[in-house]
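Visitor: The structure follows.
The values are calculated or read from the model by the stated rules, or taken from the named source; none is laboratory data. Computed from a predicted model, the values in this text were never measured in an experiment. Glycine gets a Cβ as well: all are built from the backbone with ideal geometry, and neighbour counts include every protein chain shown. Remember, those area values only see protein heavy atoms, side chains included, never the ligands or the DNA or RNA. Shrake-Rupley method; radii C 1.70, N 1.55, O 1.52, S 1.80 Å.
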Amino acid sequence: MTQSVLFELHGARNGKQIAFATLNAAASHNALSLDMIRHLTPQLQAWQDDPAIACVVLRGAGEKAFCAGGDVVAVHHAIKAGDFAKTESFFREEYVLDHMIHTYTKPIFVWGHGIVMGGGVGLMVGASHRVVTERSRIAMPEVTIGLYPDVGGSWFLARLPGRLGIYLGLTGASFNAADALYVGMADFALPSSTGADLPGMLAAVEWVDDGAANKRLLSGHLRELSRSSALELPPSPIRAHYDAIQSFTDYDTVDEMVAAIVSYDGRDDWLRGGAKKLEAGSPTSVRLIVEAQHRAKHMSLKEVFDMELAMSCQCCRHPDFAEGVRALLVDKDHTPKWSPATLHEVSDSYVEQFFRMPG
């Protein structure tokens, strides 16, 4: 049986080692499974406790993706089997891993090359050193499957400039490396070709015995590499459309925001694509996305993960999540039957249920 995560150690300067964890499911674009989570969490903890480890690297197998999201197909099958203990374990253990990455005492370098979506963003965004390439494609498209941007998404999207987090959550819009740098979801950009020699690139750092100092040393090293590479990134749609996004979301109600976004009839493909995803998305997800981000503004990261655990467990017990995964990834008919079917039918009392832990 193929190991879901590959672990390696590479020698570095001053007797230190660089630890590599590679998500090893290239055929599924390294979709994050419960088995991966259960390998990663104890290994990251062991590396944090090992004085010989100076830096941890997370990357994905293959050339197409770091991680295209959580293994929601497996969650779908557990929902259909009524195995809510398994679905709760998936989300609970995923969020523990994500929180560990946010609070890790040593540098964590994430090679965010290729597709980075959903659960992959959860792994990347909390890392100390988030590196993207000219081929990075990032998104939180949960509105299309009846979920919401979880994995801490309520926390970090709510903290983006202006109302970008609301727009990206509602539309599931895909964005690139320049966008990620612009909104603060990535720190450095390097050519994709440098991924072939990450061990050699990181071995050159003069590592020391202090985690905080090593974070500064790695930042300096990556800054120099980034500047010397003179990488030309594709333009940033988010930067170009910032004012339009602010206008679309400058309303007092969710209904007005949605109407403004979906009524866009201009020629810009990026804005049109976002409008279409929102129009086709789950009405329940739409209300959850806005409400979760509003609540998260006044919460700690830990409190947000607790809130999201309740929300995700409730999504497993309400119809849209299983139906959205079925339509997009299981039967692939792309015709989900949302329930409730319209935004008007999703009442405040219905939404409130999602913020209480089942049982």
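Visitor: Just wondering, is there one or more residues in region 272-282 that are under 30 Å from R135 (Cα atoms), among the hydroxyl-bearing types (S, T, Y) and either within 21 Å of the chain's Cα centre (by Cα) or at pLDDT below 95 (or both)?
Guide: First pass over region 272-282, keeping only residues under 30 Å from R135 (Cα atoms): 272-282.
Restricting the remaining residues to those that are among the hydroxyl-bearing types (S, T, Y) gives 282.
Checking which are either within 21 Å of the chain's Cα centre (by Cα) or at pLDDT below 95 (or both) leaves us with 282.
Yes, there is a match, as at least one residue in region 272-282 is under 30 Å from R135 (Cα atoms), among the hydroxyl-bearing types (S, T, Y) and either within 21 Å of the chain's Cα centre (by Cα) or at pLDDT below 95 (or both).
Visitor: Same structure again: I'd like to know if region 6-24 contains one or more residues that are in contact with a strand residue (DSSP E or B) (Cβ under 8 Å, 6 or more places away or on another chain), aliphatic (A, V, I, L, M), open to solvent by less than 50 Å² (accessible area, probe 1.4 Å) and closer than 30 Å to P358 by Cβ.
Guide: For region 6-24, residues in contact with a strand residue (DSSP E or B) (Cβ under 8 Å, 6 or more places away or on another chain), aliphatic (A, V, I, L, M), open to solvent by less than 50 Å² (accessible area, probe 1.4 Å) and closer than 30 Å to P358 by Cβ: present.
Visitor: Inside region 214-254, can you point out the residues that are on the phi < 0 side of the Ramachandran plot, without any contact (Cβ under 8 Å) to a residue 60 or more places away in the chain, outside any helix (DSSP H, G or I) and open to solvent by 70 Å² or more (accessible area, probe 1.4 Å)?
Guide: Those that are on the phi < 0 side of the Ramachandran plot, without any contact (Cβ under 8 Å) to a residue 60 or more places away in the chain, outside any helix (DSSP H, G or I) and open to solvent by 70 Å² or more (accessible area, probe 1.4 Å): P235, Y251, D252.
Visitor: Same structure, new question: Evaluate region 18-39: report whether one residue or more is more than 21 Å from the chain's Cα centre (by Cα) and on the phi < 0 side of the Ramachandran plot. Reasoning before the result, please.
Guide: As a first pass, look at region 18-39 and keep what is more than 21 Å from the chain's Cα centre (by Cα): 18-19.
So of that shortlist, the ones also on the phi < 0 side of the Ramachandran plot come out as 18-19.
The answer is yes, given that some residue of region 18-39 is more than 21 Å from the chain's Cα centre (by Cα) and on the phi < 0 side of the Ramachandran plot.
Visitor: In addition: Starting from region 179-197, take each residue that is in contact (Cβ under 8 Å) with a residue 60 or more places away in the chain and list its partners that are assigned to a loop (DSSP other than H, G, I, E, B) and open to solvent by less than 40 Å² (accessible area, probe 1.4 Å), counting only C-beta distances under 7 angstrom and pairs at least six apart or across chains.
Guide: Matching pairs, first to second residue: D179/S236; A180/S136; A180/A186; S192/H113; S192/T133; G195/H113.
Visitor: Something else about it: Within region 312-350, how many residues are acidic (D, E) and over 24 Å from D255 (Cβ atoms)? Show your work before the answer.
Guide: Going through region 312-350, the residues acidic (D, E) turn out to be 320, 323, 331, 333, 345, 348.
Still in the list and also over 24 Å from D255 (Cβ atoms): 331, 333.
Residues meeting the conditions: 2.
Visitor: I'm trying to understand the selection: among the residues of region 200-213, which are assigned to a helix (DSSP H, G or I), in contact with a strand residue (DSSP E or B) (Cβ under 9 Å, 6 or more places away or on another chain) and loosely packed, with under 15 Cβ neighbours inside 10 Å? Full working, then the answer.
Guide: Taking region 200-213 first, the residues assigned to a helix (DSSP H, G or I) are 200-203, 211-213.
So of that shortlist, the ones also in contact with a strand residue (DSSP E or B) (Cβ under 9 Å, 6 or more places away or on another chain) come out as 200, 202-203, 211.
Within region 200-213, just G200 meets the criteria.
Visitor: Consider region 179-199. How many of its residues are more than 22 Å from Y104 (Cα to Cα) and surrounded by fewer than 21 Cβ atoms within 10 Å (Cβ to Cβ)?
Guide: Of the residues in region 179-199, 8 are more than 22 Å from Y104 (Cα to Cα) and surrounded by fewer than 21 Cβ atoms within 10 Å (Cβ to Cβ).
Visitor: To continue, here is another question. For region 159-169, state whether one or more residues are surrounded by 24 or more Cβ atoms within 10 Å (Cβ to Cβ) and of a type in the set (D, E, K, R).
Guide: no
Visitor: Something else: Could you list, in sequence order, the residues of region 42-53 that are buried (at least 16 other Cβ atoms within 10 Å of the Cβ), part of a helix (DSSP H, G or I) and without any contact (Cβ under 8 Å) to a residue 60 or more places away in the chain?
Guide: Just the residues of region 42-53 that are buried (at least 16 other Cβ atoms within 10 Å of the Cβ), to begin with: 44, 47-48, 53.
In the following step, the residues that additionally are part of a helix (DSSP H, G or I) were identified as 44, 47-48.
Residues satisfying the conditions are W47, Q48.
Visitor: Scan V116, V131, V143, V151 and give me the residue that is assigned to a helix (DSSP H, G or I) and surrounded by 24 or more Cβ atoms within 10 Å (Cβ to Cβ). Don't jump to the end; show me each part of the working.
Guide: Working: V116 fails: assigned to a helix (DSSP H, G or I); V131 fails: assigned to a helix (DSSP H, G or I); V151 fails: assigned to a helix (DSSP H, G or I).
Checking each option against the conditions leaves just V143.
Visitor: Hey, any hits in region 337-358 for a residue that's open to solvent by 60 Å² or more (accessible area, probe 1.4 Å), in contact with a Cys (Cβ under 9 Å, 6 or more places away or on another chain) and either under 27 Å from A81 (Cα atoms) or free of Cβ contacts under 8 Å to residues at least 12 places away in the same chain (or both)?
Guide: yes
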